[in-house]
Each structure stands twice: as C-alpha cells, then as structure tokens.
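One structure is given here, and the rest of the page talks about it.
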Amino acid sequence: MAKYKSNHKEPLLLNEPLMVYGAKAIDVTQFFQNTYTVNNTIEKGVSITLFDDIQRLVQFSEEKLADILSLSTKSIQRYRKEKGFRFKPIHSEKLIELAEVATFGLQVFDSKDQFHAWLDTPSFALANNKPADLLHNSYGIKLVMEELNRIEHGIFI
C-alpha cells in the first residue's frame, strides 16, 4: 500500500475503523498507513456505517457501488436494515481499495471536482478507458493507482 502525505485541507475521516479498536474516528491517511488495521477491517467486514463513509469519500451513487461490488441495490438496502451487518471480506476489500483510490486521488488533485472529473474522462494512458470504469477489479484499481502516481510525479504518457 502506498504511503500518503496529508496535504488535503480538511481531514478525510472514517468513523468506523477505530470503533473496532476502541477509538471514535481516524484520519483516512492514517488508516492506510497501518496495514494491520486495514487487514483486520477487511477480515472483520466493512459495516454499513463504513460503507456510507466510503460512499461519501468516493462520491459514487449506491447503484455504482453496487455494480462495482457485483451486488444489487436491493441487497444493499436489505443490508442497511440488518442490525450489525458486515460485508463479506471480498466486498470489504473492494470497498477499502476504492477508499484508497479516492484518498490518493484527492491528494493528487487540487479539488474533489477535479478528481471526479478525471475519474469520468477517458485517459490515453489507460487505453482510453475512464478511470472509474476500471475500478471493478484489483488489476484495474492497480492501473488507476499507477496513473495517479504518475500524475503526482508529473509523468504524463
């Protein structure tokens, strides 16, 4: 996992992860710096509360997130009604990866608007795919993270 510098103006908070470990909230950049916390969160399963935090962070609709997770929106709505529901590790890992992409993207770009515009714009470096369309699997996520890293370092292909 990448190490992030925290140059974002307002802290990006996840309310869930440290609730699992006895605290109230954690800056998302700190969360990704502790691989054990990330792993434990995935293994325990992302809660609906953390799902909502990640949805706010990535600014994707519930339909888009359901599609990325290969779930139906009805399933997600049903999960919201289940007390103490946690996503399976396979879905949790994908959600955490999306949060990592969004966290890094928001640090690379000057604003949320610029980052989200980039996500929805076909990129020559990504074989003319929109970065958002590559977020369905770990290889696509890796491609997006590599491109963000190149952008951060001023390497434009």
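The values are calculated or read from the model by the stated rules, or taken from the named source; none is laboratory data. These figures come from a predicted structure and were not determined experimentally. No Cβ is skipped: glycine too gets one built from the backbone with ideal geometry, and neighbour counts run over all protein chains shown.
Computed values, structure above
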item	result
Of all residues in region 72-107 being among the aliphatic types (A, V, I, L, M) and surrounded by 15 or more Cβ atoms within 10 Å (Cβ to Cβ), the one that is farthest from the chain's Cα centre (by Cα)	ILE76
First in region 26-43 and in contact (Cβ under 8 Å) with a residue 24 or more places away in the chain, second anywhere and aromatic (Phe, Trp, Tyr), Cβ under 9 Å, 6 or more apart	VAL28/TYR4; THR29/TYR4; PHE32/TYR4; PHE32/PHE104; GLN33/TYR4; VAL38/PHE31; VAL38/PHE32; THR41/PHE31
Residue among HIS116, HIS136 that alone is surrounded by 13 or more Cβ atoms within 10 Å (Cβ to Cβ) and outside any helix (DSSP H, G or I)	HIS136
Any chance ALA99 is modelled with pLDDT under 95, in a helix (DSSP H, G or I) and among the small types (Gly, Ala, Ser)	yes
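One line per residue, one yes/no per condition, for (1) more than 17 Å from ILE54 (Cβ to Cβ); (2) out of contact with any Pro (no Cβ under 8 Å at 6 or more places or on another chain); (3) small (Gly, Ala, Ser):
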| site | (1), (2), (3) |
| --- | --- |
| ILE68 | no, yes, no |
| TYR79 | no, yes, no |
| SER92 | no, yes, yes |
| SER111 | yes, yes, yes |
| ALA117 | yes, yes, yes |
| SER123 | yes, no, yes |
| ASN128 | yes, no, no |
| ARG150 | yes, yes, no |
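Conditions (1) assigned to a helix (DSSP H, G or I); (2) touching a helix residue (DSSP H, G or I) at 6+ places or on another chain (Cβ under 6 Å), marked per residue:
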residue	(1), (2)
ILE54	yes, yes
PHE60	no, no
ILE68	yes, no
LEU71	no, no
